[in-house]
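Before any comments, here is the structure.
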Amino acid sequence: MKKITIGCATPLCMEDFEKTPLYKSFIQLKKIYDLSEINFNFITNNTKGLPEVYNMLLRNPMYEKDILVLVHDDVLIEDLFFREKLNNSPYIITGLAGCNSINLNKPSAWHLLCNSPSNMLGEVAHSKEDKTWTTVFGPTTGRALLIDGLFIAIDMEKFLPYNVNFDEDFKFHHYDISFCLRCNSSKITVGVQPIKVNHYGLGDSMYSDEWGKSADIFKRKYQNNI
């Protein structure tokens, strides 16, 4: 099986990052796998946009035969078969939740708001204020047009020949949607798999001014590509 590399870019300093759900995942996964099976690259004090950092990781020759997992710091990975499931995924790009269509005539360029429920895929658990629940969007296995950026796993050996990267015109919002559209345009398979995680963010940033500005950029660049 291929080695897993978990990459995360966080604005937090190392002391604060060690309190995050992802760092707790790091502690737990080290008990299950040894260093020949799983690797970690945590970029703390980050001030760059996620696409810029992710492209740097994509170009790192150390990871060219790995499965590179790009994940947010508020995600707790709880799956005891994490490495096995990623190695058995039939997709070059594997996520947890997404959709198989998007309608950009709707006001918000976010996959959850641009779709009917019948087009949704995957499931993710969430925690907030000591409450935990699981949101089931749709089938937990299937091809997708888009996946959510909280968790993007890339089979690097299969991915690199396509020479696709993240769009650095985005900083945090819409980088995942634009990346998936680029992958689909290049015939790179994208899909979801049932990997157990707990997301401690609610994905409600679409109400911010930054989101709206990013959505306008996204629509101008990609509306004709869908």
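Report the paramagnetic label zone for F81: residues of the stretch 177-203 whose backbone N is under 17 Å from a point 7 Å from Cα along the Cα-to-Cβ axis.
Within reach of a label on F81: 192-197.
With a 10 Å Cβ neighbour count serving as the proxy for reagent exposure, in which order, fewest first, do M14, M156, M56 appear?
Least crowded to most crowded, the residues run M14, M56, M156.
In whole Hz, what ³J(HN,Hα) sequence does the stretch 64-75 give by Karplus (6.51, -1.76, 1.60; θ = phi - 60°), x for Gly and Pro?
Those phi angles translate into 5, 10, 8, 9, 8, 9, 9, 9, 6, 6, 9, 10 Hz.
Counting alpha carbon pairs within less than 8 Å and at least 6 residues apart, what relative contact order, in whole percent, applies to the chain?
The normalised contact order for the chain reaches 25 percent.
Want the number for M62 to T140: 0.36 nm per residue separation, take away the alpha-carbon distance, what's left?
25.0 nm
Given the -39500 (n - 2.57) contribution per DSSP H run of 4+ residues, what per-residue ellipticity at 222 nm results for the chain, rounded to the nearest 500 deg cm²/dmol?
That comes out to -7500 deg cm²/dmol.
Report ³J(HN,Hα) in whole Hz for each residue of the stretch 165-171, in order, from the Karplus equation J = 6.51 cos²θ - 1.76 cosθ + 1.60 where θ = phi - 60°; Gly and Pro get x.
Working through the residues one at a time gives 9, 7, 7, 7, 6, 9, 10 Hz.
Calculate one ³J(HN,Hα) per residue across the stretch 31-44 by plugging θ = phi - 60° into the Karplus curve 6.51 cos²θ - 1.76 cosθ + 1.60, and present them in order as whole Hz with x for glycine and proline.
7, 9, 10, 9, 5, 7, 10, 8, 9, 9, 9, 9, 9, 8
Using a Förster distance of 25 Å, how high is the FRET efficiency between S186 and M1, based on the Cβ-Cβ distance and rounded to 0.05?
It comes to 0.45.
What aspartates and glutamates does K131 reach when the alpha-carbon gap must be under 16 Å and sequence neighbours fewer than 8 apart in one chain are set aside?
D74
Going Cα to Cα from K65, which lysines come in below 28 Å? Please leave out same-chain ones fewer than 8 positions away.
Cross-link targets: K2, K3, K24, K30, K31, K48, K85, K158, K171, K187, K196.
Treat every Asp and Glu Cβ in the chain as -1 and every Lys and Arg Cβ as +1, leave all other atoms uncharged, and give the resulting dipole magnitude about the Cα centre to the nearest 20 debye.
620
FYI, it's all coordinate maths here, none of it is from the lab. Keep in mind that this is a model prediction, so the values were computed, not measured. All Cβ positions, even for glycine, are placed from backbone atoms using ideal geometry, and neighbour counts span all protein chains on display.
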